[in-house]
């Protein structure tokens, strides 16, 4: 990954800051740079983030907070624009995703890894269950 590129941790920092910071720290421990982005609709982030869409949307006089659904949809629209711009500017990079799920099966902890590639409105995943089984999955954006 280019030294100027970051992995974006985008989330509702207004209510889940601790969880997002945990994720940020884990990514940084692997040697990657992280850009934090608040998309919470309840308030500005209580901790310092790189970009706070709540503040920018509010500063523009956009009172999108008529009801929860309207607020969430408006924030998602803003986030899509921002992420696309950051990607085009080379500030975030990549179309690959990776995450781990720990699964308890009959008292045994099992590591389930997901690796995937994002393309358009879908993500093609490979799911590996404890190095015993592998399957291919496709997640498609609902329209």
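Meeting the requirement of 3 or more residues that are closer than 20 Å to residue 11 by Cβ, the strands (runs of 3 or more DSSP E) wholly within segment 65-130 are 96-105, 108-119. List every residue pair whose Cβ atoms sit under 9 Å apart, with the two residues 6 or more apart in sequence or on different chains, where the first one lies in segment 11-25 and is more than 17 Å from residue 75 (Cα to Cα) and the second, anywhere, is part of a helix (DSSP H, G or I). The qualifying pairs are 20/13; 21/13.
So, in segment 44-61, of the ones that are at pLDDT below 85 and not in a loop (DSSP other than H, G, I, E, B), which residue ends up surrounded by the fewest Cβ atoms within 10 Å (Cβ to Cβ)?
59
Can you tell me which residue within segment 13-39, out of those that are in contact with a strand residue (DSSP E or B) (Cβ under 8 Å, 6 or more places away or on another chain) and part of a loop (DSSP other than H, G, I, E, B), is surrounded by the most Cβ atoms within 10 Å (Cβ to Cβ)? Across segment 13-39, the extreme among qualifying residues is 39.
Filtering 64, 75, 110, 102 for residues that are at pLDDT 85 or above and more than 13 Å from the chain's Cα centre (by Cα) leaves a single hit, 110.
The values are calculated or read from the model by the stated rules, or taken from the named source; none is laboratory data. In this text, all values refer to a predicted model and were calculated from it rather than measured experimentally. We place every Cβ from the backbone using ideal geometry, glycine too, and count neighbours over all the protein chains shown.
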